[in-house]
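Data block below; observations after.
The values are calculated or read from the model by the stated rules, or taken from the named source; none is laboratory data. The structure displayed is predicted, hence computed values, not measured ones. For neighbour counting, all protein chains shown are included, and Cβ atoms are generated from backbone atoms with ideal geometry for every residue, glycine included.
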Amino acid sequence: MLDPSLTSNYRPISKIPLIAKILEKVVAKQLTAVLDKHNIFDKFQSGFRRAHSTETALLRVSSDILMQNDAGKCSVLLMLDLTSAFDTVDHYILLERLKYWVGVSGSALEWFSSYLYERYFSVAVSKFRSSSTSLSYGVPQGSVLGPLLFLIYLLPLQHILSPFEDIRYYCYADDIQLYMSFKPEDVSKLQILNVCLESIKGWMADNFLQLNEEKTEVLVCAPDRHVPNIMNALGPLSTCVKSSIRNLGVTFDSALTLDVHIKSLVRSCFYHLRNISKLSPLVSHTELEIVIHAFISSRLDYCNSLFTCLNKNSLERLQIVQNAAARLLTKTSKYSHVTPLLIQLHWLPAEFRVHFKILVLTFKAL
């Protein structure tokens, strides 16, 4: 949970007029079409893109690491996060990106210039409002165009990373994942990771971006006997090694079993089910179903295509959560047989929901 007393945990959101949002949607649609047509998007960037999501990003990263582990290799995953990334975008550099990387020119480039420059903001608390101050940096948070412009701002990053052939990367907006695999006897290759990190820091400094050192985390995916050598080879990064890391809403452990994630997920679901049970006498069946889907089904289904690696015990724990939700919705005893309830509600069991998600993703990819 974020500490509400810390001002660093707050983010400004632009209150943009409706007509401006409509105009931004039109511009964003046209700009996205150009980026897609000319393959300008970084192919390893999943943020704010059609047919890309946190799930597709995590599938790629986890699949790559698991396949390397099956081949007898060790892997290291480095998680990077930017400090107030959207707020530090330099307007001049962004316009240069639009001109030379995307090909925007003439009146279109002038429109983007007018969109970025001479913005003002003020802060209102209760009945009090501050004086207006100009926004010299950043893209408007809460806007339609802001995320897309930020992706364009990051376009050169792929060329900073491409010379490091042993390092793979994947991004979701400002969350950057670097990972590399190596044979146990080639642990010295990890020095490349530190060199790559320094290159990233240098590029970011030149572009007014900054890594959040506190959120830099490292996950070592290797047999226990190789971990000490890997820790030594990581050098300064060894202080960032964690037994598990939170990656786009999913907790990765060193063996990628997702056991830690499932325990947290089940605990969270039962917490919400207890609260929903207090609400159930006050709402209709339809309203109760909406609440259960919002707080329970959404959690069970989030990135559940990763759950193919789960053992039988973890799948059973997910099924117990779904059974409890079905009994709460139908107001039946906890001793009643659950299969007829799932059929009545048209709910696929937890394991089949995983298979269904994989089929859906495969269909969309074809």
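Entry remark, the stretch 94-108: residues being touching a helix residue (DSSP H, G or I) at 6+ places or on another chain (Cβ under 8 Å) and either surrounded by fewer than 16 Cβ atoms within 10 Å (Cβ to Cβ) or not in a helix (DSSP H, G or I) (or both) number 5 in total. Filtering Ser277, Ser305 for residues that are in contact with a Leu (Cβ under 8 Å, 6 or more places away or on another chain) and crowded, with 19+ Cβ neighbours inside 10 Å leaves a single hit, Ser305. Only helices (runs of 4 or more DSSP H) whose full extent lies in the stretch 180-285 are considered here, and the ones with at least 3 residues that are among the β-branched types (Val, Ile, Thr) are 191-206, 259-279.
Checking each residue in the stretch 189-213 for being over 17 Å from Tyr137 (Cβ atoms) and of a type in the set (Gly, Ala, Ser) picks out Ser199, Gly202.
Restricting the stretch 121-161 to residues that are part of a strand (DSSP E or B) and not aliphatic (A, V, I, L, M), the residue that is surrounded by the fewest Cβ atoms within 10 Å (Cβ to Cβ) is Phe128. Please enumerate the residues belonging to the stretch 216-231 that are loosely packed, with under 15 Cβ neighbours inside 10 Å and either touching a Leu at 6+ places or on another chain (Cβ under 9 Å) or among the basic types (Lys, Arg) (or both). The answer is Arg225, and nothing else. Kindly establish whether Arg60 is outside any helix (DSSP H, G or I) and within 30 Å of Cys221 (Cβ to Cβ). So Arg60 does not fit the description; no.
The set of residues in the stretch 92-124 that are modelled with pLDDT under 90, under 31 Å from the mean Cα position of the chain (by Cα) and either closer than 26 Å to Asp206 by Cα or hydrophobic (A, V, I, L, M, F, W, C) (or both) comprises Arg119, Tyr120, Phe121, Val123, Ala124. Scanning the stretch 296-333 for residues that are touching a helix residue (DSSP H, G or I) at 6+ places or on another chain (Cβ under 6 Å) and free of Cβ contacts under 8 Å to residues at least 24 places away in the same chain turns up Ala326, Thr330.
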